[in-house]
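Please read the structure below before turning to the comments.
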Amino acid sequence: MTAHMPLDLPGPDEKRGCTLTVGEESRAWRFGEVVLFDHTYGHRLRSRSTKAAVTLVCRFYHPGVGEEERWALLYLAELMDALRASPRWRLASLIATETC
């Protein structure tokens, strides 16, 4: 599970607001409100503003997950972030989409 609490957001009007989408569900992000969701679903934050959104993110693990497993999961998440930031990830995604 993941908890997000916005600390600084663009203006609340629709044109400049932020939306958090988890799976198929989207909700307006509001300053100071905590949103708890299952991060195994695809999720994204969309802002229609040039101002940065700042959020506090906390991840919670199942009590049965051991310390070594938590470190492995954190390491894999860092690897995935690095891959997504690389041009090769985009190319591989395009190739997979065209061939599948």
Tell me yes or no: at least one residue of region 15-22 is modelled with pLDDT of 80 or more, surrounded by 10 or more Cβ atoms within 10 Å (Cβ to Cβ), over 14 Å from the mean Cα position of the chain (by Cα) and of a type in the set (S, T, N, Q).
no
I need a count of the residues in region 62-97 that are at pLDDT below 85 and touching a Leu at 6+ places or on another chain (Cβ under 9 Å).
2
Exactly one of Val57, Val65 is of a type in the set (Val, Ile, Thr) and in a loop (DSSP other than H, G, I, E, B), and that one is Val65
Go through region 35-50 and give me each residue that's surrounded by 11 or more Cβ atoms within 10 Å (Cβ to Cβ) and at pLDDT 85 or above.
Val35, Leu36, Phe37, Tyr41, His43
Within region 51-65, is there a residue that is aliphatic (A, V, I, L, M), under 15 Å from the mean Cα position of the chain (by Cα) and closer than 17 Å to Met1 by Cβ?
yes
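The values are calculated or read from the model by the stated rules, or taken from the named source; none is laboratory data. Computed from a prediction, not measured in an experiment: that's the story for all the values here. Neighbour counts are summed over all protein chains in view; Cβ atoms, including those assigned to glycine, are modelled from backbone coordinates with ideal geometry.
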